Amino acid sequence: MQLLAVPMASSGGGGITLLLPLILIVGMIWFMSRTQRKQRQRQAETVAALSPGTKVITTSGLVGIVEETDDEYVTLEISEGVLVQVVKAAVGRVIPEDDAAEDTADEATDADADSTDDSAKVDVPDTGRDKAGEKADGRVQDTPKLPPTHTEN
């Protein structure tokens with residue numbers, strides 16, 4: 001019995017086929033780190049610009065007005081007379097003053113529109129019931145019964 005050494009057929013691409021996935025992975029890592037670096041820079045700018053009277057939202061969702069800032073901490077007034085001290089890094093974003101003014105203006109115009117304009121109201125389809133829960137023909141509908149929670153023998 002004689003063994004012959006037959007060379008394997010090559011794919012023809014050689015080293016470039018091995019480098020392409022590696023280049024793609026390195027590119028994705030670089031892009032993600034660049035995005036994170038930009039987010040950290042924006043957060044640092046936001047925290048550096050904090051001043052008393054600024055309305056902010058923390059990363060945990062707490063809304064408050066900045067009372068004073070320290071090297072590491074920010075004191076927020078979350079309700080009248082209630083002060084909370086949080087780490088500066090916990091400040092998620094600043095609420096611009098014009099947004100708060102627009103919200104109150106929108107609420108006032110919405111209230112005016114509701115009281116004067118009936119076409120702005122949503123038309124709810126008739127369910128065939130009056131306010132007491134009775135059907136229009138005067139019969140009261142039975143409430144559905146729940147299935148038994150145990151088997152009966």
Report the extension gain between K38 and E67 in nm, rounded to one decimal, defined as 0.36 nm multiplied by the number of residues separating them, less their alpha carbon distance. 7.7 nm
Run the numbers for A48 and S79: contour at 0.36 nm per residue of separation, minus the present Cα-Cα distance, in nm. 8.8 nm
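Every number here is computed from the coordinates shown, using simple stated rules; none is lab data. As the structure is a prediction and not an experimental result, all values here were calculated from the model.
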